[in-house]
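Trainee: Right, I'll just put the structure down here and ask away after.
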Amino acid sequence: MDLGLEGRVALVMGASRGIGRGIAAVLAREGARVAIVSRSAERLEEAAAEIGEGATAFVADAGDTERLAALPGEVAAELGPVEILVANSGGPPFGGALDHELEEWERAYRSLVLAPRVLAGAVVSGMRERGWGQIVNVGSTSTREPIPGLNLSNSHRMAAVGVLKTLVTEVAGGGFT
């Protein structure tokens, strides 16, 4: 299938395994130059070897917003400006509404809400200038109906949807989604 992605630059978070790795592999097969990102250099090496040509590893933790703010510039220097952003981060630990300490709430917020916001903030202006871009946030059905035992994920993924839906209304018609 030709998705028209030949030569495009994609940044995929959480790409060392699971959904992120699968997304990165498909983008690379479609001819995109893919920045695969994870906090594990070892797993990134394995993923890059499996994905093959078109995958370049960048180490970053979704909870490190300073690192994430710099990441699109590093990707641009090596591969070109980011045209496709896939915000994909793992879920926080299981637990009910009152089961987590505030530090766990803050970690989940950084990873699930601030990470997509910081990354989008770093790439949107370039997408606007070029008149093309795609931002994908990998979420959960918990944004429609909370899943018992996943309070941190339920709460923060809904917040991320709020941020990104607001962004969509602001950039609609600019050549990207």
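The values are calculated or read from the model by the stated rules, or taken from the named source; none is laboratory data. For clarity, every value in this text was computed on a predicted model and none was experimentally measured. Here Cβ is always computed from backbone atoms with ideal geometry, including for glycine, and neighbour counts include all displayed protein chains. The protein model used for the area step is the full one, side chains on, heavy atoms only, and it has no ligands, DNA or RNA in it. Shrake-Rupley method; radii C 1.70, N 1.55, O 1.52, S 1.80 Å.
Trainee: Quick one: count up the residues across the stretch 79-112 that are within 29 Å of Gly133 (Cα to Cα), of a type in the set (Phe, Trp, Tyr) and surrounded by fewer than 17 Cβ atoms within 10 Å (Cβ to Cβ).
Mentor: Looking only at that region, the number is 0.
Trainee: Does Ala115 satisfy being aliphatic (A, V, I, L, M) and modelled with pLDDT of 90 or more? First the steps, then the outcome.
Mentor: Details: aliphatic (A, V, I, L, M): yes; modelled with pLDDT of 90 or more: yes.
Answer is yes for this residue.
Trainee: Quick check: is even one residue across the stretch 112-119 within 22 Å of Ala159 (Cα to Cα) and assigned to a strand (DSSP E or B)?
Mentor: First, the residues of the stretch 112-119 that are within 22 Å of Ala159 (Cα to Cα): 112-119.
Cutting the leftovers down to assigned to a strand (DSSP E or B) gives us none.
No: zero hits.
Trainee: Name the single residue, out of those in the stretch 57-78 being aliphatic (A, V, I, L, M), touching a residue at least 40 places away in the same chain (Cβ under 8 Å) and open to solvent by 20 Å² or more (accessible area, probe 1.4 Å), that is farthest from Leu114 (Cα to Cα).
Mentor: Looking at residues that are aliphatic (A, V, I, L, M), touching a residue at least 40 places away in the same chain (Cβ under 8 Å) and open to solvent by 20 Å² or more (accessible area, probe 1.4 Å), I get Ala76.
Trainee: Given Ala10, Ala32, which one is at pLDDT 95 or above and either over 14 Å from Thr56 (Cα atoms) or under 15 Å from the mean Cα position of the chain (by Cα) (or both)?
Mentor: Numbers: Ala32 fails: either over 14 Å from Thr56 (Cα atoms) or under 15 Å from the mean Cα position of the chain (by Cα) (or both).
Sole residue among the options that is at pLDDT 95 or above and either over 14 Å from Thr56 (Cα atoms) or under 15 Å from the mean Cα position of the chain (by Cα) (or both): Ala10.
Trainee: Looking at Val168, Val161, Val123, can you tell me which residue is crowded, with 19+ Cβ neighbours inside 10 Å and in a helix (DSSP H, G or I)?
Mentor: Working: Val168 fails: crowded, with 19+ Cβ neighbours inside 10 Å; Val161 fails: crowded, with 19+ Cβ neighbours inside 10 Å.
The conditions single out Val123.
Listed here are the residues, each with its yes/no results for (1) within 25 Å of Leu164 (Cα to Cα); (2) in a strand (DSSP E or B); (3) touching an Asp or Glu at 6+ places or on another chain (Cβ under 6 Å).
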site: Ala35; (1), (2), (3): yes, yes, no
site: Leu44; (1), (2), (3): no, no, no
site: Glu66; (1), (2), (3): yes, no, no
site: Glu78; (1), (2), (3): no, no, no
site: Leu85; (1), (2), (3): yes, yes, no
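Trainee: Any residue in the stretch 150-165 that is over 14 Å from Ala108 (Cα atoms) sitting within a Cβ distance under 6 Å of a residue that is of a type in the set (Val, Ile, Thr) and part of a helix (DSSP H, G or I)? List the pairs, counting only those 6 or more apart or interchain.
Mentor: Within 6 Å, the pairs are Val161/Thr143.
Trainee: Mind telling me which of the residues Ala24, Ala69 ends up being at pLDDT 95 or above, of a type outside the set (D, E, K, R) and under 19 Å from Ala108 (Cα atoms)? So that I can check it myself, show each step before the final result.
Mentor: Details: Ala24 fails: under 19 Å from Ala108 (Cα atoms).
Of Ala24, Ala69, the one residue that is at pLDDT 95 or above, of a type outside the set (D, E, K, R) and under 19 Å from Ala108 (Cα atoms) is Ala69.
Trainee: Please name all residue pairs, on different chains or six or more residues apart, with Cβ atoms under 8 Å, provided the first residue is in the stretch 14-40 and is open to solvent by 50 Å² or more (accessible area, probe 1.4 Å) and the second residue is part of a strand (DSSP E or B).
Mentor: Final answer for the pair search is Arg17/Ser38; Arg33/Val9; Arg33/Ala10; Arg33/Thr56; Arg39/Val59.
Trainee: Go over the candidates Val12, Val86 one by one and state the one that is β-branched (Val, Ile, Thr) and under 18 Å from Ser125 (Cα atoms).
Mentor: From the options Val12, Val86, the qualifying one is Val86.
Trainee: Kindly indicate whether any position in the stretch 126-137 is touching a Leu at 6+ places or on another chain (Cβ under 7 Å), open to solvent by 20 Å² or more (accessible area, probe 1.4 Å) and over 24 Å from Ala32 (Cα atoms).
Mentor: No, that holds for no residue.
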